[in-house]
Amino acid sequence: MNRSFSGSVFSVLFLLCAPSVSAQSKCSDIVLATTTSTQDTGLLDSLLPMFQRESCISVKPIAVGTGAALEMARRGDADAVLVHAPEAEKAYVQSGDLIDGRLIMHNDFLIIGPRSDPARVRGEKNAALAMKAIASAGAFVSRGDGSGTEKKELALWKEAGVSPASLPRREETGQGMGATLLVAEQRQTYTLTDRGTYLAFKDKLTLVPLVEGNPELRNIYHAYVVNPGKHPTAKRTEASRFLRFLVEPKTQEWIGQFGREKYGQPLFVPDAGVS
């Protein structure tokens with residue numbers, strides 16, 4: 001075969017098979033500031049590859065406490081956030097740092113502790129009363145990281161009329177939920193955890209749920225876009241696409257089934273469309 005002809009054929013085939021520059025340019029990436037529970041439970045590891053396959057948008061999750069995630073948004077260091085501290089979130093919406101908020105899902109908080117239950121809180125329906133009993137007769141491990149979980153814990157101490165600073169047996173880990181559970185297990189103390197992370201770590205724990213099912217222990221997750229009007233580097237188009245993905249019926253169904261096969265119950269309850 002003529003060498004120049006064969007080279008031309010190869011060039012044509014290469015051009016036909018290679019992705020076009022315009023196709024490549026459609027791919028992008030965003031930074032998602034989120035709470036550790038979405039990472040520790042494996043939910044993000046499950047969802048993000050699905051989103052990337054259908055959108056060509058890669059999501060880089062930064063899993064920190066909700067307080068730190070919200071501060072990332074305030075600094076413009078993220079494009080989207082997925083967090084679980086509704087009262088704290090309001091300030092960032094009012095300041096204009098967060099826009100286009102969407103209700104995504106919920107689970108609930110649990111007070112867990114040793115089976116011996118020295119504070120005798122098992123079955124208590126009032127979570128604040130349980131915390132008051134723990135203050136008197138037990139030890140407690142807190143995340144101490146400004147997370148949504150710690151914010152809930154501090155709210156319960158306040159409702160119980162207890163100052164956390166006055167508790168000699170309250171320890172702060174400064175770490176995420178999974179790590180805090182392991183510290184509480186080592187110390188054999190009480191702690192507050194979201195149900196999803198507890199189920200994901202259950203095989204590593206002897207601590208058991210003692211207080212649960214109280215409406216005030218509901219744990220609600222919202223997602224937001226970081227406002228490019230205030231933070232020009234924020235990628236609103238891509239972040240908005242990610243939020244739409246989270247509330248799509250097929251994604252919501254996936255969230256509602258996530259963990260059921262492994263743990264016997266879902267780790268989260270889908271809430272998109274719920275007022």
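The values are calculated or read from the model by the stated rules, or taken from the named source; none is laboratory data. None of these values were measured; they are calculated from a predicted model. Don't worry about glycine lacking a Cβ; one is built from the backbone with ideal geometry, like all the others, and counts go over all protein chains shown. Ligands, DNA and RNA are excluded from the accessible area calculation, which covers all protein heavy atoms including side chains. Shrake-Rupley method; radii C 1.70, N 1.55, O 1.52, S 1.80 Å.
Among D79, D194, D100, which one shows the biggest mean-square fluctuation in a GNM of the chain, springs joining Cα atoms closer than 10 Å? So, out of D79, D194, D100, the one fluctuating most is D100.
If you sort I30, I99 by accessible surface, 1.4 Å probe, largest first, the order is I99, I30.
When each pair of different Cα atoms in the stretch 80-125 is counted once in the 1/r mean, what is the Kirkwood radius in angstroms, to one decimal?
Values: mean 1/r = 0.0717 Å⁻¹.
In the stretch 80-125 this quantity evaluates to 13.9 Å.
Reported to the nearest whole Å, the Cα centre-to-centre distance from the stretch 207-234 to the stretch 123-174 is 19. Computed extension gain for V274 through R187, at 0.36 nm per residue and net of the alpha carbon distance, reaches 27.3 nm. Given springs between every Cα pair under 10 Å in a Gaussian network model of the chain, which of G213, G65, G259 has the largest fluctuation? Per the Cα network of the chain with a 10 Å cutoff, G213 tops the list. I want the local charge near R102. Using Cβ-Cβ distances under 10 Å, sum +1 for each Lys or Arg and -1 for each Asp or Glu among the other residues. For residues surrounding R102, the net value is -1.
Each Cα pair under 8 Å and six or more residues apart adds its sequence gap; the mean of these over the residue count of the stretch 195-269 is a relative contact order of 26 percent.
Lys-Lys pairs in the chain that are eight or more residues apart or on separate chains and whose Cα atoms lie under 25 Å of each other come to 27.
Give me the Debye-computed log₁₀ of I(q)/I(0) at q = 0.11, 0.14 Å⁻¹ for the stretch 67-192, equal point scatterers on Cα only, no solvent, two decimals. Here the Debye-derived log intensity ratios amount to -0.43, -0.67.
Contact order for the chain, expressed relative to its length and based on alpha carbon pairs under 8 Å spaced 6+ residues apart, stands at 26 percent.
Quick one: net charge of T193's neighbours, Cβ under 12 Å, K/R +1, D/E -1? Intermediate values should be presented prior to the final figure.
Working: positive: R143, K152, R195, K202; negative: D40, D108, E150, E153, E185, D194, E212.
Spelling it out: positives minus negatives among the neighbours equals -3.
On the principal axes of its alpha-carbon atoms, the chain has extents of 90, 41, 33 Å, going from largest to smallest. Evaluated at q = 0.11, 0.12, 0.15, 0.18 Å⁻¹, the base-10 log of the normalised Debye intensity for the stretch 126-263, with identical point scatterers placed on the Cα atoms, takes the values -0.54, -0.62, -0.87, -1.06.
In the chain, the portion of solvent-accessible area held by carbon and sulfur atoms comes to 54 percent [1.4 Å probe, whole percent, DNA, RNA and ligands not counted].
What longest region of the chain stays clear of trypsin sites (Lys or Arg not before Pro) that DSSP places outside H, G, I, E and B and that have at most 12 other Cβ atoms within 10 Å? Counting only loop sites that pass the neighbour cut-off, the longest clear stretch is 126-275.
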